[in-house]
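The values are calculated or read from the model by the stated rules, or taken from the named source; none is laboratory data. Because the structure is predicted, anything quoted here is derived from the model rather than measured. Positions of Cβ are generated from backbone atoms using ideal geometry, with glycine treated the same way; all protein chains shown enter the neighbour counts. Keep in mind that these areas ignore ligands, DNA and RNA; they rest on the heavy atoms of the full protein, side chains included. Shrake-Rupley method; radii C 1.70, N 1.55, O 1.52, S 1.80 Å.
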Amino acid sequence: MTATKVVADEVDLEEEVARETIAAGRGERDDVGVRDQWSSTDHLGEVFDSRKPISAKARHLLREYRLECAGCDHYEATTRINAFVLMTRRRARNRKWLRHASILIMVFVGAVFLFKAIAAETSAQRAVDDQIRREIEDMRRRADTEEMNQRIAAEAKRAPTWREIEEKEVWTPKQEKQFAKALVEFGGIPGKERYVFIADNVKDKSKQECLMHHKLLEAITKDQ
């Protein structure tokens, strides 16, 4: 047997195997391309639900959260549960923020009212203090005025001293010059007799007036 004959036999064998395989796949049929199974009318019009059913945990959460999910599969149920949880958390955060904001607002309003109350109390206290201060000053002025009036009245009632009387006595510059000259001239005379001679040398002045005038000058010199 030649090599050519062997190759031809192998090709024929492969073709025969291929035809048998195709025939087995087609099944029993009358025409090419039409199977007897394809002509069956079983299950026509029926609806098959291939979605994943809701798990027990998801059903529990639906009942716990009171969520309605009629006709849902597992994916739709979990989506609805997750959306509800997210919404609940968002609402909780919003309520917490609102609570904190309300607390801050109340604290701020309270601080404003407290500041106004303190300011009003301070203003009122300042007004009271000013009123008290004015009354004290008025009382002090009245007391000073009354004391002055009493002093004036007492001064008017008491008799004037010799010095006050002598200070009111009028001495002209000429009389002062005559008195000073006579005092030097007759200063060596003892006792009150000197003032007799002094008065004789001072125009319009008596012995007693010269004596008192000399006493006043000595008192003034002593005070200095």
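Loop-located GluC sites (Glu not before Pro) in segment 52-108 (DSSP state other than H, G, I, E, B) with a sparse environment of at most 14 neighbouring Cβ atoms within 10 Å: 68.
Between residue 204 and residue 224, the C-beta separation translates, for a Förster distance of 30 Å, into a calculated FRET efficiency of about 0.60.
Calculated FRET efficiency, residue 68 to residue 103, Cβ-Cβ distance, R0 = 35 Å: about 0.40 to the nearest 0.05. Computed on segment 84-224, with alpha-carbon pairs under 8 angstrom and 6+ residues apart, the relative contact order is 14 percent. In this simple spin-label model, placing a label point 7 Å from the Cα along the Cα-to-Cβ direction at both residue 155 and residue 176 gives a separation of 2.4 nm.
Of the GluC sites (Glu not before Pro) found in segment 127-214, those that fall in a DSSP loop while having at most 11 other beta-carbon atoms within 10 Å are 169. Per q in 0.18, 0.20 Å⁻¹, report the Debye log10 I(q)/I(0) for segment 67-224, using one uniform scatterer on each alpha carbon and no solvent. Here log10 of I(q) over I(0) equals -1.10, -1.20.
A Förster radius of 30 Å, combined with the Cβ-Cβ distance separating residue 118 from residue 140, puts the computed FRET efficiency at roughly 0.40. Checking every one of the trypsin sites (Lys or Arg not before Pro) in segment 132-186 against DSSP loop status and a limit of 11 other Cβ atoms within 10 Å picks out 158.
Element breakdown for segment 110-224 at a 1.4 angstrom probe: carbon and sulfur atoms account for 59% of the accessible area. Pairs from the table (157/222; 96/116; 157/181) lying more than 32 angstrom apart at Cα are 157/181.
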